[in-house]
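Notes for the one structure printed next.
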Amino acid sequence: MTVRMELSRILIRELTDYQVIELRESAENGTPDDELRTFPIVIGLPEAQAIERRLSGVPVKRPQTHDLLANIIDSLGGSLESVAITDLADQTFYAVLSFRDGNGDMVEVDARPSDAIALGIGIGVPIFVAEHVLAQATNDSPLDDQFGDEDEEEDGELGPPF
């Protein structure tokens, strides 16, 4: 089972090698607001900036990586249908892009969560998280408004306790 999620915030600190996005369970799931689950994902600065830029609709003169991928999918007659975070292993999240190819067939492609979300946010597709991932991720430390200068983490990891 998957749970509909939404990007609730981005924390960007340009002086560190990692940034944080927070996903929140969508109210569309029928869960009361005070029971919506959230969890952080540590990502790199370029991915955080791409997500922020795509959310803000800031135009760029030349396509960036996520714009390029969206243009390729569109040029081949495909359409991105959803982004899903499908697994959490060794503190690393795993995601897939689900899209229809030019023939209308569903195709899933492995992706880093940050890239999948950056691509999906720009197109406005839904974000889903597998229930077992959500249960595991929300059992870890909650995200505070600030985070320290702990060691650098790999993209898609839970990272240090916040």
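The values are calculated or read from the model by the stated rules, or taken from the named source; none is laboratory data. Values in this document were obtained by computation on a predicted structure and should not be read as measured data. Backbone-built Cβ (ideal geometry, glycine too); neighbour counts: all protein chains shown.
Tally up the residues in region 52-105 that are over 13 Å from GLY120 (Cβ atoms) and either among the polar types (S, T, N, Q) or touching a Ser or Thr at 6+ places or on another chain (Cβ under 7 Å) (or both), please.
11
Output yes when any residue across region 24-36 is among the hydrophobic types (A, V, I, L, M, F, W, C), surrounded by fewer than 19 Cβ atoms within 10 Å (Cβ to Cβ) and in contact with a strand residue (DSSP E or B) (Cβ under 6 Å, 6 or more places away or on another chain), and no when none is.
Checked region 24-36: at least one residue is among the hydrophobic types (A, V, I, L, M, F, W, C), surrounded by fewer than 19 Cβ atoms within 10 Å (Cβ to Cβ) and in contact with a strand residue (DSSP E or B) (Cβ under 6 Å, 6 or more places away or on another chain).
Among the residues in region 51-71, are any over 13 Å from the mean Cα position of the chain (by Cα) and under 21 Å from THR138 (Cα atoms)? Working first, answer last.
Start the filter on region 51-71 by keeping residues that are over 13 Å from the mean Cα position of the chain (by Cα), which leaves 53, 56-65, 67-71.
Still in the running and under 21 Å from THR138 (Cα atoms): none.
The answer is no; no qualifying residue exists.
Looking only at region 88-100, which residues are at pLDDT below 95 and either in contact with a Phe, Trp or Tyr (Cβ under 9 Å, 6 or more places away or on another chain) or among the charged types (D, E, K, R) (or both)?
Hit for region 88-100 is ASP90, nothing else.
Scan region 1-27 for residues that are out of contact with any Asp or Glu (no Cβ under 9 Å at 6 or more places or on another chain) and of a type in the set (Val, Ile, Thr) and jot them down.
Of everything in region 1-27, just one residue is out of contact with any Asp or Glu (no Cβ under 9 Å at 6 or more places or on another chain) and of a type in the set (Val, Ile, Thr), namely VAL20.
Within region 68-78, identify whether any single residue is surrounded by 14 or more Cβ atoms within 10 Å (Cβ to Cβ), farther than 28 Å from MET1 by Cα and not small (Gly, Ala, Ser), and answer yes or no.
The answer is no, given that none of the residues of region 68-78 is surrounded by 14 or more Cβ atoms within 10 Å (Cβ to Cβ), farther than 28 Å from MET1 by Cα and not small (Gly, Ala, Ser).
Mind listing whichever residues of region 91-108 are of a type in the set (A, V, I, L, M) and either under 18 Å from HIS132 (Cβ atoms) or surrounded by fewer than 15 Cβ atoms within 10 Å (Cβ to Cβ) (or both)?
Taking region 91-108 first, the residues of a type in the set (A, V, I, L, M) are 95-97, 106-107.
Answer for region 91-108, where residues must be of a type in the set (A, V, I, L, M) and either under 18 Å from HIS132 (Cβ atoms) or surrounded by fewer than 15 Cβ atoms within 10 Å (Cβ to Cβ) (or both): ALA95, VAL96, MET106, VAL107.
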